[in-house]
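Please treat every number below as a calculation from the coordinates, not as lab data. In this text, all values refer to a predicted model and were calculated from it rather than measured experimentally. Here the Cβ is made from the backbone with ideal geometry for all residues, glycine too, and neighbour counts use every protein chain on show.
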Amino acid sequence: MPNAMLLPEIVKLLDEGHTVTLRLRGFSMRPFLEDGRDKALLTKADNPKVGDPVLAEVDPKHFVLHRIIKIDGDQVILRGDGNLADEQCSIQDVKGAVIGFYRKGRETMDRTDGWKWRTYSWIWVHLYPIRRYLLAFYRRIWLKLFKPI
């Protein structure tokens, strides 16, 4: 099912107070989250903050799962961990908040409020000036040597 059809239904479930586990599609959260391999546990976004990974509607029926890097009034600036460019939306367009991720087929969740995710997030966000080179190394060398599980 295309994301343009699926994700609005997921947003409805989140608005009703349900949590939703969503298999990730795309490469914007590389190198730590992989397309088709990892899953995110989402809940309704009540009070999004800088640093939070969120599900946001950046254009009509175009959703992204990115990290909030800045909130300026009603405007939210988002960037995927695997992206170099920013995207924008309004605070009302932030539809879901990520509670945690199931990575590499594991049954245990890496919580976004846990020390592991917070440490990784702090390091990765502060590596932004050299992220282009790290991502190029990951795509061109790392993935060829160690295929994702």
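Worth a mention:
- Reported count of residues in the range 2-34, each being surrounded by 18 or more Cβ atoms within 10 Å (Cβ to Cβ) and of a type in the set (Gly, Ala, Ser), is 1.
- Some residue of the range 52-60 being in a loop (DSSP other than H, G, I, E, B), out of contact with any helix residue (DSSP H, G or I) (no Cβ under 6 Å at 6 or more places or on another chain) and in contact (Cβ under 8 Å) with a residue 12 or more places away in the chain: yes
- Entry remark, the range 94-149: residues being assigned to a helix (DSSP H, G or I), surrounded by 10 or more Cβ atoms within 10 Å (Cβ to Cβ) and β-branched (Val, Ile, Thr) number 3 in total.
- Conditions (1) within 14 Å of HIS62 (Cα to Cα); (2) of a type in the set (Gly, Ala, Ser); (3) in a strand (DSSP E or B): number failed by GLY26: (3)
- Conditions (1) among the small types (Gly, Ala, Ser); (2) without any contact (Cβ under 8 Å) to a residue 60 or more places away in the chain; (3) in contact with an Asp or Glu (Cβ under 6 Å, 6 or more places away or on another chain): number failed by GLY100: (2)
- Considering each residue of the range 101-115 in turn, none proves to be touching a His at 6+ places or on another chain (Cβ under 9 Å) and not basic (Lys, Arg).
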